[in-house]
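Down below is the structure, laid out as structure tokens.
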Amino acid sequence: MSHSPVARAIPSSSLHEIFRAADVREQSTGTPVIRLHVGEPYFTPPPEVADAIAEAQRAGRTSYTDVEGLPELRRALAAKLELENGIETPISRIFVTPGSCQGLQALLFSMAEPGTEILLPDLHWPIHVQQSLIAGLRPVFYGLDEHYFPDLDSIAEVSGPASRILLVNSPANPTGAVLDAERLQGLLDLARERGWQVISDEAYEHFVYEGNHLSLAARERDLPAEQRIVHSVFTFSKSLAMTGYRLGYVVTANDAAASGIRVVQEAGIIAPPTPVQYGGIAALQMTGTAEVNRKLVQQNRDAVLPALRDAGLLRELPAGGWYAMLDVSKAGLSAEDFAARLLEERGVAVVAGSGFGLRPQLDKHGGLTAMETDPNAGKLVRIAFCVDPKVLQSGVDALLEFGRDRNAW
Ligand SMILES: Cc1ncc(COP(=O)(O)O)c(C=O)c1O
């Protein structure tokens, strides 16, 4: 048996590839690339956040906090979770994390029994796959229906005795699907029946344009904590545009799960950054901001995306999130070639869908032998519609024109 470090075998995500390609083009042509590949919003964090961080630093509030984070911040988070998400939790089960990405990874480390399976959606955020592999889990992929909703029959079919964790992401990156109460309950019932744990990634909780955001964990609030199975992940990055501050949080279902992640956090970060946590307290007081930001992204969606639907690239406008998956198969190019040529010829960066349909191939020891991709994902490209409206409009116009010039639509 040959051993090689798992992390070294995992290719970096297609998001990184296009980042690099966009930078290279910008440097070689001297003209700015129209960046529809990045989930970076055009609105900025509330200035009160920067003030609170500066004040914490000046006042010398810069030493380590508890591994879970500042009690004051976690108390404010518990109140938010109760009010907005219907999640009832003591602060001992809340962990402040440097971004929800690190929270997700810590959760996976704390839950992973090496060699067991995690169930991920067919179209997924590639980081979920990378994290699962690094944690020693075997990713297994479940089908989505034509609206990108998880297909319960497919989940039942692809899962088996080694399955342990079901990952749910609503609103979803990259598809924009938002799960209603019935669909969430169906997933929860299946997970309970099979004895799985559930991770609910709610990074885009405040970006729902049709219906409401519903937190999966709220559906088990009447159960005693030791019977709960849903662990939830949230972030300040999206709702308050605080992407670079790196601030998120995890709510574990019960005390046993909390004691697992506590060890992972102690080993991995000791504690989240202290001044940024004071920024988080200030951010939670800015109660109207997430709603203002939601409206900004919805305006973009409503103004620009219908043209893509009318051209047949989009079945329906995304109900949530920051992204849309466009079917560009009529252009007669693979998604990679489409993305490469759109960048080269029109200066517009989008992400090839294949990067969201990863299919890692593992040997029986969990070693990665190949990173394949789902052929269906190779017809899609992802655009971010959280960007400046003028940039979005010009990028979508250029993309449509690129296809029209090829008589694709
Ligand atoms: C689905 C999903 N979850 C989590 C994250 C992580 O965000 P952050 O680490 O900034 O909280 C992202 C960021 O793009 C995401 O798309």
* Asked: Can you find a residue in region 194-207 that is in contact (Cβ under 8 Å) with a residue 12 or more places away in the chain, open to solvent by 40 Å² or more (accessible area, probe 1.4 Å), of a type outside the set (S, T, N, Q) and assigned by the TED database to the domain that holds I134?
  -> yes
* Asked: Where residues in region 166-212 are at pLDDT 95 or above and of a type in the set (D, E), which of them is farthest from the ligand (Cβ to nearest atom)?
  -> E193
* In region 320-342, what residues are of a type in the set (S, T, Y) and under 29 Å from L179 (Cα atoms)? -> Y323, S329
* Asked: Does G99 meet the test of being touching a Lys or Arg at 6+ places or on another chain (Cβ under 9 Å), within 15 Å of the ligand (Cβ to nearest atom) and not assigned by the TED database to the domain that holds T243?
  -> no
* Do the conditions hold for L120, that is, is it at pLDDT 95 or above, in contact with a strand residue (DSSP E or B) (Cβ under 6 Å, 6 or more places away or on another chain) and within 26 Å of V276 (Cβ to Cβ)? -> no
* Unmet criterion (only one of (1) in contact with a helix residue (DSSP H, G or I) (Cβ under 6 Å, 6 or more places away or on another chain); (2) buried (at least 23 other Cβ atoms within 10 Å of the Cβ)) for W125 -> (1)
* Asked: Residue check: is A283 among the hydrophobic types (A, V, I, L, M, F, W, C), crowded, with 16+ Cβ neighbours inside 10 Å and either over 22 Å from T175 (Cα atoms) or in contact with a strand residue (DSSP E or B) (Cβ under 9 Å, 6 or more places away or on another chain) (or both)?
  -> yes
* **Of all residues in region 29-40 being surrounded by 12 or more Cβ atoms within 10 Å (Cβ to Cβ) and not acidic (D, E), the one that is farthest from the chain's Cα centre (by Cα)** => V33
* Scope region 90-108; condition under 19 Å from R228 (Cα atoms), open to solvent by 20 Å² or more (accessible area, probe 1.4 Å) and touching a residue at least 40 places away in the same chain (Cβ under 8 Å); matching residues -> S92, R93
* Asked: Among L400, L308, L380, L317, which is the only one that is touching a residue at least 40 places away in the same chain (Cβ under 8 Å) and more than 24 Å from the chain's Cα centre (by Cα)?
  -> L400
* Would you call G30 under 30 Å from I383 (Cβ atoms) and not hydrophobic (A, V, I, L, M, F, W, C)? -> yes
* Asked: How many residues are open to solvent by less than 70 Å² (accessible area, probe 1.4 Å) and touching a residue at least 12 places away in the same chain (Cβ under 8 Å) when one looks only at region 13-28?
  -> 7
* Selection from region 96-151 of residues that are aliphatic (A, V, I, L, M), touching an Asp or Glu at 6+ places or on another chain (Cβ under 7 Å) and more than 21 Å from R246 (Cα to Cα) -> L137, V140, L144
* To do: Considering every residue within region 47-57, establish whether at least one is touching a Phe, Trp or Tyr at 6+ places or on another chain (Cβ under 8 Å), open to solvent by 10 Å² or more (accessible area, probe 1.4 Å) and either under 21 Å from A217 (Cα atoms) or within 15 Å of the ligand (Cβ to nearest atom) (or both).
  => no
* Members of region 290-323 that are closer than 18 Å to N212 by Cα, open to solvent by less than 30 Å² (accessible area, probe 1.4 Å) and either within 16 Å of the ligand (Cβ to nearest atom) or not hydrophobic (A, V, I, L, M, F, W, C) (or both) -> A290, N293, V297, R301, P318, A319, G320, G321, W322, Y323
* **L137, sole failed condition from (1) touching a residue at least 40 places away in the same chain (Cβ under 8 Å); (2) away from the ligand (no atom under 16 Å from the Cβ); (3) open to solvent by less than 10 Å² (accessible area, probe 1.4 Å)** => (1)
* So which of S154, S215, S237, S163 ends up being in contact (Cβ under 8 Å) with a residue 12 or more places away in the chain, surrounded by fewer than 24 Cβ atoms within 10 Å (Cβ to Cβ), within 12 Å of the ligand (Cβ to nearest atom) and not assigned by the TED database to the domain that holds L296? -> S237
* Structure fact -> When A271 is run through (1) within 16 Å of the ligand (Cβ to nearest atom); (2) open to solvent by 10 Å² or more (accessible area, probe 1.4 Å); (3) part of a loop (DSSP other than H, G, I, E, B), the failure sits at (1)
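The values are calculated or read from the model by the stated rules, or taken from the named source; none is laboratory data. Note that this is a predicted model, so its numbers are computed, not measured. A quick note on method: Cβ atoms are made from the backbone with ideal geometry, for glycine too, and the neighbour counts reach across all protein chains shown. Areas reflect the complete protein model, heavy atoms only, side chains present, ligands, DNA and RNA absent. Shrake-Rupley method; radii C 1.70, N 1.55, O 1.52, S 1.80 Å.
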